[in-house]
Amino acid sequence: MTTRCGFVALVGAPNAGKSTLINRMTGTKLSIVSPKAQTTRFRVLGILMRQTSQILLVDTPGIFKPKRKLDRAMVAAAWTGSQDADISLLLIDAKAGIREETQAVIDTLTKQKRRVWLVLNKTDLVTTQQLLPLTKAITDQLSVEHVFMLSARSGDGVDDLLDYLAAELPEGPYLYPEDDLTDLPDRLLAAELVREQIFMQTHEEIPYQATVETESFKERPDGSVRIDATIYVSRPGHKAILIGEGGRKIRSIGERARLDLGRLLERPCHLFLNVRERAGWDEEKARLRAIGLDDA
């Protein structure tokens, strides 16, 4: 039996739907999702078995113009994920079309000699007549091997993409056990699920000015796990909003994250959250390393 294994990177502008697609492909929540841009901050690996192929899906942060050290580290993580991949999937929001950030990604890919497949996402929101000129506008600039049109949200067209990937990856042995879902440690998954709830339950700049670190992750004799996590924010006002009147907001964030964690880890989870003000955390090397980003 011939086995295949390889890395497939999802690259594109913020909010193209990369995290939704990787979660759809793997059938589980590995990468956090929100309607807000720049939700993903570091490389997330999803491990998927398809026929006799092991597809290693790399969800990368959206590529944008960086301003802070955090931003630079996120963009560096995105391009590293693409450079290390056997195939890069350029994910485009079909409804938004070629925005400035999307054009910047295309321009960079044209300078790199990589296998690129074009994936037009959110096709359920546009007509076929809109897709054809968009495809031409991209392929006139960038050489792509294949073009796929799909909806990560509904799943339409995703199986076709996976079948092609399974057939096109290089021959070789599997790099991970067949029942693994990701290479992310549980501590980092826990922090990310808390951060997802911050994105979902708060507004404006607060999600972008907050980070989450898992301080301890302890197995208990009854098979459950106790997780203590700290949310760092930049300003005193953000701390007050996250805690909420009478602690209601932080309880809601913790309760929903705990339920998601329990489903993902398949065991009872006891989650305890603390909020601390730490101005300038997004410029600290130690904080960036703690959330899975290298210095940039």
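The values are calculated or read from the model by the stated rules, or taken from the named source; none is laboratory data. If you're wondering where the values come from, they're calculated on a predicted model, not measured in any experiment. We place every Cβ from the backbone using ideal geometry, glycine too, and count neighbours over all the protein chains shown. For the accessible areas, the whole protein counts, side chains as well, though only heavy atoms, and no ligand, DNA or RNA atoms are used. Shrake-Rupley method; radii C 1.70, N 1.55, O 1.52, S 1.80 Å.
Descriptive notes on the structure:
- Each residue of the stretch 14-28 is assigned a 3J(HN,Hα), and the resulting list reads x, 6, 6, x, 4, 5, 4, 5, 5, 5, 5, 5, 7, x, 8 Hz, derived from the Karplus form 6.51 cos²θ - 1.76 cosθ + 1.60 (θ = phi - 60°), x at Gly and Pro.
- Considered as an equivalent ellipsoid built on the Cα gyration tensor, the stretch 197-281 has semi-axes of 25, 13, 11 Å, the largest given first.
- Length-normalised contact order of the stretch 186-291 in % [C-alpha pairs under 8 Å, at least 6 apart]: 31 percent
- Eligible aspartates and glutamates near residue 239 by straight Cα distance, threshold 12 Å, same-chain separation 8 or greater: 277
- Surface accessible to a 1.4 Å probe, per residue, for the residues of the stretch 186-291, Å²: 50 Å²
- In this structure the amide hydrogen of residue 16, modeled in the peptide plane, comes within under 5 Å of no amide hydrogen from residues 5 or more places off or on another chain.
- When peptides 107-117, 208-218, 87-97 are ranked by their average number of other Cβ atoms within 10 Å per residue, the highest-first order is 87-97, 208-218, 107-117.
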